[in-house]
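Report on the structure given below.
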Amino acid sequence: MTSNEFTQALLYCSERGLTLPDRDDLLHGGIIGSVVLADSRDTSTSPWHMGEKAFLLVDPKPLLFVPMKGRLNFFEVPDDLVTP
């Protein structure tokens, strides 16, 4: 995450009363949990909604950090990486 991206995220969070960890405490480039994509909506009241679509994510499960390079759009992840 570049300095500018972190500054933008910090501003976004502070405007919504949300907190962001210190930059030095953030892990980069990996999986931290799993969720089920339950629905896609055109609007949302969530403070995290931005853009054209809102995704309803349910059944969150935290996982130990697993390094994995990110990709654009949805992509498959091997089951053994997201099985607690």
Item to check | Fully extended contour minus Cα-Cα distance, from residue 14 to residue 82, at 0.36 nm per residue | outcome: 21.4 nm
Item to check | Length gained when the stretch residue 2-residue 49 is fully extended (0.36 nm per residue, less Cα-Cα span) | outcome: 14.7 nm
Checklist outcome for this item: Spelling it out for residue 63: with amide H atoms placed in the peptide plane at 1.01 Å from N, the residues 5 or more places away or on another chain with amide H under 5 Å from its amide H are 33, 34
Next on the checklist: What does the net charge come to around residue 36 if you take all other residues with beta carbon closer than 12 Å to its beta carbon, with K and R at +1 and D and E at -1?
Outcome noted: -1
Checklist entry - For labels at residue 42 and residue 28 in the simple 7 Å Cα→Cβ model, what's the distance in nm? => result 3.9
Checklist entry - Per residue, what volume in Å³ does the Cα convex hull of the chain take up? => result 131
Item to check | Rel. contact order, % - alpha carbon contacts under 8 angstrom, at least six apart, the chain | outcome: 29
Checklist entry - Considering only DSSP states other than H, G, I, E and B, which trypsin sites (Lys or Arg not before Pro) in the range 1-42 qualify as loop sites with at most 13 other Cβ atoms within 10 Å? => result 16
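Bear in mind that the values in this text are calculations on the coordinates, not laboratory data. Keep in mind the model is a prediction, meaning the values are calculated, not measured. In this analysis, Cβ positions are derived from the backbone assuming ideal geometry, glycine residues included, and neighbour counts consider all displayed protein chains.
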